[in-house]
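Just below is one structure, and these are the notes that go with it.
Nothing in this text is a laboratory measurement; each read-out follows from the coordinates by a stated rule. Bear in mind the structure is a predicted one, so any value in this text is a computation, not a measurement. Don't worry about glycine lacking a Cβ; one is built from the backbone with ideal geometry, like all the others, and counts go over all protein chains shown.
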Amino acid sequence: MSLTANDVKKIAHLARLGIEESQIEHYAQDLSKVLDLMTQMSQTNTQDVKPMAHPLDQIQRLRPDSVSETNQRDNFQAIAPQTEAGLYLVPKVIE
């Protein structure tokens, strides 16, 4: 698909882009190449291709889920303005 200078001007107007007049032909060529690539990709047969979450076959390295800090809730609640039954009391912000 080949875009004209008028097509690029219309696209730039719709996208609210400021393009210099001297660059319009360059943009027309680049956008035409992108559209040609999209056309070529849409014609590719993907019938037997399985969807993938990631293009590389890698395994996520996870750290062990272990406690590394001591429980300091009582210390933190001792300096809090208001607590009740182990919870922090805060002012109501939504009516």
Can you list residue pairs whose Cβ atoms sit under 8 Å apart, with the first residue in the range 53-68 being charged (D, E, K, R) and the second being assigned to a loop (DSSP other than H, G, I, E, B) and surrounded by 10 or more Cβ atoms within 10 Å (Cβ to Cβ)? Count only pairs 6 or more apart in sequence or on different chains.
none
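Let me confirm something: among 17, 3, 62, 37, which residue is at negative phi and in contact with a Ser or Thr (Cβ under 8 Å, 6 or more places away or on another chain)?
3
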Take the conditions on the phi < 0 side of the Ramachandran plot and assigned to a loop (DSSP other than H, G, I, E, B) and apply them to residue 54. Does it pass?
yes
Between a residue in the range 4-20 that is within 14 Å of residue 31 (Cα to Cα) and any residue that is surrounded by 12 or more Cβ atoms within 10 Å (Cβ to Cβ) and basic (Lys, Arg), which pairs come within a Cβ distance under 9 Å, given they are 6 or more apart or on different chains?
19/9
Say we look at the range 34-51 and pick out the residues that are β-branched (Val, Ile, Thr) and outside any loop (DSSP other than H, G, I, E, B); which of these is nearest to residue 12 (Cα to Cα)?
34
Return yes or no: is residue 69 charged (D, E, K, R), part of a loop (DSSP other than H, G, I, E, B) and out of contact with any Gly (no Cβ under 7 Å at 6 or more places or on another chain)?
yes
Failed condition for residue 82, given (1) over 33 Å from the mean Cα position of the chain (by Cα); (2) on the phi > 0 side of the Ramachandran plot:
(2)
Single condition residue 95 does not satisfy, out of (1) surrounded by 10 or more Cβ atoms within 10 Å (Cβ to Cβ); (2) among the acidic types (Asp, Glu); (3) over 27 Å from the mean Cα position of the chain (by Cα)
(1)
Residue that is farthest from residue 2 (Cα to Cα), among those in the range 57-83 that are loosely packed, with under 10 Cβ neighbours inside 10 Å and of a type in the set (Gly, Ala, Ser):
78
Name the one entry in 31, 17 that is surrounded by 10 or more Cβ atoms within 10 Å (Cβ to Cβ), part of a loop (DSSP other than H, G, I, E, B) and out of contact with any Phe, Trp or Tyr (no Cβ under 6 Å at 6 or more places or on another chain).
17
Can you find a residue in the range 47-56 that is exposed (fewer than 11 other Cβ atoms within 10 Å of the Cβ) and in contact with a Phe, Trp or Tyr (Cβ under 9 Å, 6 or more places away or on another chain)?
no
